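Reading through the structure tokens given below for one structure.
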Amino acid sequence: MKYNVALAMLFSLIAGVAAGAQPAPGQAPAPVSGPVSAPAPIPAPGLVEVFTHGEGKFGMKQADGRLLGPGVDALECAMKALDQPYSLEAVSMARSNRLDAEGRDHIWFPTYDTGDPERAARLAGPIGWLAIQWFLPHGARLRPDMPGFKARARVTAFPGSHPEVLLRRGGFNLVPGTDDENRLVLWLVEGKVDAALSADFRETLKAGAADYARSLDIVPYTRLPVAFELTRGFAKHHPGFRPRFQAALDTCRARGIPAEE
């Protein structure tokens, strides 16, 4: 609980910095030199597009097409508080990145703070925690705790994911990944790769791949606070949205939405 409170304070502080520092109660604003013109109106977003990969607990795609999870609950609560129309769709992380590059403004979740200040200023949350784990063939000879693992092991991750960034930055022997979690399991079983770094994706597997996945060894790697991310274009075109969204998420969290883990 204390970690969630501290993280909420951190995300709210970032929101305050992004919105601009305000004078304390009773304190006069700092003087402004030169002529002052009326600020240009900030365009309000119309329909806000929100994307998630539909895998894992924060937004799991159901057989009937619905998305369920704590991220979905937090999104619904915050958007309702803001009276903000939105759409929610399951797409791959790679497609979300392509849409961002094409200038299609949207919000993505789940994501994490990677230590980049520019990116951190576009995050809103937290909405929970996510465990990142190594998936290895059962009884693998190369294991993450071995000295030669980083140099010798052929490792992979889902394209465009934060684990892929961690592997690249860490100097691992990175094999380009696949968007298909079923194929990823086969890569591990067949020995095409020695390990995969990811959040738990086993609930989304088809029956055959799920049977293979039961034999995999799992080794914890790290635990990350999860957030929503506004694309650069969205943040630029609607600079007032992120602080309002963060405030709404804070209010929802105080009401117990999403539920504590």
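The values are calculated or read from the model by the stated rules, or taken from the named source; none is laboratory data. Here the structure is a predicted model, which is why all the values come from computation and not from measurement. Positions of Cβ are backbone-derived with ideal geometry, glycine not excepted, and every protein chain shown enters the neighbour counts.
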* Asked: How about the stretch 82-91: which of its residues are more than 17 Å from residue 230 (Cβ to Cβ) and either part of a helix (DSSP H, G or I) or touching a Lys or Arg at 6+ places or on another chain (Cβ under 9 Å) (or both)?
  -> 90
* Structure fact -> Being more than 19 Å from residue 200 (Cα to Cα) and modelled with pLDDT of 95 or more narrows 184, 99, 82, 167 down to just 82
* What tally of residues in the stretch 216-233 results from selecting those that are under 24 Å from residue 48 (Cα atoms), at pLDDT 95 or above and of a type in the set (A, V, I, L, M, F, W, C)? -> 3
* To do: Would you mind telling me which numbered condition in (1) farther than 25 Å from residue 147 by Cα; (2) hydrophobic (A, V, I, L, M, F, W, C); (3) part of a loop (DSSP other than H, G, I, E, B) residue 193 fails?
  => (1)
* Scanning the stretch 174-190 for residues that are part of a loop (DSSP other than H, G, I, E, B) and touching a Leu at 6+ places or on another chain (Cβ under 8 Å), which turns out surrounded by the most Cβ atoms within 10 Å (Cβ to Cβ)? -> 177
* Asked: What about residue 247, is it exposed (fewer than 12 other Cβ atoms within 10 Å of the Cβ) and among the small types (Gly, Ala, Ser)?
  -> no
* Kindly check whether there is at least one residue in the stretch 203-212 that is farther than 22 Å from residue 107 by Cα, of a type in the set (A, V, I, L, M) and out of contact with any helix residue (DSSP H, G or I) (no Cβ under 8 Å at 6 or more places or on another chain). => yes
* To do: Examine the stretch 114-134 for a residue that is at pLDDT below 95 and at positive phi, and state whether such a residue exists.
  => yes
* **Filter result for residue 206 (within 30 Å of residue 80 (Cα to Cα) and either among the charged types (D, E, K, R) or surrounded by fewer than 20 Cβ atoms within 10 Å (Cβ to Cβ) (or both))** => no
* Close pairs (7 angstrom Cβ cut-off, 6 or more residues apart or separate chains): farther than 28 Å from residue 102 by Cα in the stretch 233-261, part of a loop (DSSP other than H, G, I, E, B) anywhere -> 260/1
* Would you check if there is a residue in the stretch 214-234 being loosely packed, with under 14 Cβ neighbours inside 10 Å, closer than 29 Å to residue 118 by Cβ and either charged (D, E, K, R) or within 24 Å of the chain's Cα centre (by Cα) (or both)? => yes
* Those residues that are aliphatic (A, V, I, L, M), buried (at least 17 other Cβ atoms within 10 Å of the Cβ) and either at pLDDT below 90 or more than 12 Å from residue 90 (Cβ to Cβ) (or both), I need them from the stretch 34-59; list them, please. => 48
* List pairs: first in the stretch 146-163 and farther than 19 Å from residue 218 by Cβ, second crowded, with 18+ Cβ neighbours inside 10 Å and modelled with pLDDT under 95, Cβ under 6 Å, 6+ apart or cross-chain? -> 160/93
* Matching residues in the stretch 92-141 - criterion: being in a loop (DSSP other than H, G, I, E, B) and either free of Cβ contacts under 8 Å to residues at least 12 places away in the same chain or buried (at least 16 other Cβ atoms within 10 Å of the Cβ) (or both) -> 92, 102, 105, 106, 112, 113, 115, 116, 122, 137, 140, 141
